[in-house]
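Enquirer: The structure is given below, and queries will be raised subsequently.
Derivation of every value follows stated rules applied to the coordinates shown; laboratory data play no part. Owing to the predicted nature of the structure, the values given are computational and were not obtained by experimental measurement. Using ideal geometry, Cβ is built from the backbone for each residue, glycine included, and neighbour counts are taken over all protein chains shown.
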Amino acid sequence: LSHQHSRVRSAATEALVSLILREPSVLPEMGNALAIIATDRASTVREQAVHSITRLLATMPQRKAHAARLLPHLLCALSDEVEQIRQLANVSLTKLGDLARAGAPEPTPMPVSPDLAAAAAAASIEDSPMDERQSRGDEAAALAGGAGGPA
């Protein structure tokens, strides 16, 4: 997300959103990454951030539970220096409001493979304080088929 080329940052954004859609439980750990994308120096990346965050809010399971984490990024886009991004954020928020008013049902969660769940748990271990690492490591081992101990 800090690569010098905006195309690489855009590709990373797509990968991040795909991961969050497959495993919504990683969203709390990815909040800082979304903030970086939403305030990127390149307007194309910021525009993609608006599309991506809108997609998350419209399609991810438990979207209402994650709205407080995602909506501020769209609200900030309303004051972007680029008119097109401001308009896109406005249209996105309007569509999301219509979706909420319509009472659209929450999408059903996608099944997650044990390998993906273990990888997501292992990735979050590196950023955790030491005392949390042991419990998360046990969690990752359990998801990968272990009994909570070393695999």
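Enquirer: How large is ³J(HN,Hα), in whole Hz, for each residue of the stretch 80-92 in order, when computed from phi with the Karplus curve 6.51 cos²θ - 1.76 cosθ + 1.60 and θ = phi - 60°, using x for Gly and Pro?
Expert: After applying 6.51 cos²θ - 1.76 cosθ + 1.60, I find 4, 5, 9, 4, 4, 5, 4, 5, 4, 4, 4, 5, 4 Hz.
Enquirer: Once the other residues with Cβ under 14 Å from the Cβ of ASP80 are scored (Lys, Arg +1; Asp, Glu -1), what is the net sum? Intermediate values should be presented prior to the final figure.
Expert: Values: positive: ARG41, ARG46, ARG86; negative: ASP40, GLU47, GLU81, GLU83.
Result for the neighbourhood of ASP80: -1.
Enquirer: Cut-off 16 Å, label point 7 angstrom out along Cα-to-Cβ of ILE36: give me the residues of the stretch 1-21 whose amide nitrogen falls inside.
Expert: Inside the label zone: 1-20.
Enquirer: Percent of alpha carbon pairs in the stretch 6-105 separated by more than 23 Å?
Expert: On the way: 971 of 4950 pairs.
The answer is 20 percent, as a whole percent.
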